[in-house]
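The values are calculated or read from the model by the stated rules, or taken from the named source; none is laboratory data. It should be emphasised that the depicted structure is a prediction, and the values quoted were computed from it without experimental measurement. Glycine gets a Cβ as well: all are built from the backbone with ideal geometry, and neighbour counts include every protein chain shown.
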Amino acid sequence: MWTVLTRAPLPDAPYWPGRRLLAFVDAVGWPVAWIAVAMQLPQPAGIVGPMVIALAVLSALGRAHRAALQNHRYYFTTWRWGRVALGLLLIGMVLKVALLPA
């Protein structure tokens, strides 16, 4: 017999003034960045470039809808990846200090 484990749904995000606008900027900004990267590829990417652009546009539409109309369900991508980048930066700084010649 299979045992199915489900996660509890995430709680609603707290609302504060300006959250809807900032969420919309965050929701559209990341796909636009991916489109910019796909447009600046140094060599022709064949079907990959247009596919990345199409998926980014679809992602932007869904994310913008969630950010504007279902704001209580939107979690910031910049915050999520910013924490990862900050963690990597801290690890790099610790390694740099630890490996300095005495």
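In table form, for the structure just shown:
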{"item": "Residue satisfying condition, being closer than 25 Å to Pro9 by Cβ, of a type in the set (A, V, I, L, M, F, W, C) and modelled with pLDDT of 95 or more, within set Leu55, Leu61", "result": "Leu61"}
{"item": "Region 48-78 - residue that is touching a residue at least 40 places away in the same chain (Cβ under 8 Å) and among the hydrophobic types (A, V, I, L, M, F, W, C) and, of those, farthest from Trp34 (Cα to Cα)", "result": "Ala68"}
{"item": "Pick from region 25-55, criterion under 17 Å from Trp81 (Cα atoms) and hydrophobic (A, V, I, L, M, F, W, C), ranking: surrounded by the fewest Cβ atoms within 10 Å (Cβ to Cβ)", "result": "Ala33"}
{"item": "Matching entry among Leu22, Leu89, Leu58 (being surrounded by 13 or more Cβ atoms within 10 Å (Cβ to Cβ), in a helix (DSSP H, G or I) and out of contact with any helix residue (DSSP H, G or I) (no Cβ under 7 Å at 6 or more places or on another chain))", "result": "Leu22"}
{"item": "Of residues in region 92-102 being of a type outside the set (Gly, Ala, Ser) and surrounded by 10 or more Cβ atoms within 10 Å (Cβ to Cβ), the one farthest from Leu22 (Cα to Cα)", "result": "Leu95"}
{"item": "Residues that are within 14 Å of the chain's Cα centre (by Cα) and not hydrophobic (A, V, I, L, M, F, W, C), drawn from region 38-65", "result": "Ser59, Gly62, Arg63"}
